[in-house]
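Data first, discussion second: the structure below is written as structure tokens.
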Amino acid sequence: MYRMNDKKQIRRTSKSNSFNSWAKSLFTRRFRKIALIVVGVIVLFFALVIIFISPISKYLIQKYGEKYTGRKITMDWAYVNPFTGFVHLQNLKIHEFKSDSLFLSASLSVNFAISKFFKHTFEIQSLTLSHPVIRVIKDQERFNFSDVVDKLNSNDSTKKKTQKPTSGTHVNLLNLKVTDAEIHYTDRQIPFNYFI
């Protein structure tokens, strides 16, 4: 009788041990498979965001740039990484107001501090203009960029009238680098052309 109970006990123990080992192996295989799928989906999401955000950004800048600045904006290509805050616009061209002549031509690289966006601060850690060509034209008392300044000032004044004052958004520019700049200045009232 004592031996019979021992055999039953051994059978139960071996059955429960085999079930536990089977459950562990199933759980680990299933867990590994699920973890691999989740990691794959996350990596795919980040890759797709990086791949598609750049052409979408280029399209949006070229489409709505004239609406917000009053000037046609074109570029060769754009690279935007929303995870690091890096933006590069290759061969950026900003045209004159209602004209095909260029006001600014340059390559622009900007590094933003992403963590500061949540604190209502746009912190530009570095802004680099590579090979900019700028054409400044003065006609009597107005410059060729006065329309942009007027447009920005008119937007600010309408907002101030309709909205209550808020804590505001801060803009910090920590590092500005301009390489190989070319500035053309023309005064049409006094025939004067200057080049730096």
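The values are calculated or read from the model by the stated rules, or taken from the named source; none is laboratory data. The shown structure was predicted, so the numbers you read here are calculated from the model rather than taken from an experiment. Cβ placement follows ideal geometry from the backbone for every residue including glycine, while neighbour counts extend to all protein chains displayed.
Tell me which residues, restricted to segment 145-196, are modelled with pLDDT under 75 and among the basic types (Lys, Arg).
Of everything in segment 145-196, those that are modelled with pLDDT under 75 and among the basic types (Lys, Arg) turn out to be 159, 160, 161, 164.
Please go through (1) within 23 Å of residue 151 (Cα to Cα); (2) in a strand (DSSP E or B) for residue 80 and return the number of the only condition it doesn't satisfy.
The single condition residue 80 does not satisfy is (1).
Restricting attention to segment 54-62, does a residue exist that is modelled with pLDDT under 90, more than 30 Å from residue 194 (Cα to Cα) and surrounded by 14 or more Cβ atoms within 10 Å (Cβ to Cβ)?
No, segment 54-62 has no match at all.
Can you find even one residue in segment 83-97 that is modelled with pLDDT under 90, under 17 Å from residue 136 (Cα atoms) and part of a loop (DSSP other than H, G, I, E, B)?
yes
Based on what the data block shows, is residue 122 touching a strand residue (DSSP E or B) at 6+ places or on another chain (Cβ under 6 Å) and either within 16 Å of residue 172 (Cβ to Cβ) or not in a helix (DSSP H, G or I) (or both)?
Yes; evaluated as a whole, the condition is true for this residue.
Residue check: is residue 115 under 15 Å from the mean Cα position of the chain (by Cα), assigned to a helix (DSSP H, G or I), at pLDDT 80 or above and of a type outside the set (Asp, Glu)?
Here the answer is yes, as residue 115 does meet what is asked.
So for segment 120-140 (the condition being free of Cβ contacts under 8 Å to residues at least 40 places away in the same chain and not aromatic (Phe, Trp, Tyr)), does at least one residue qualify?
no
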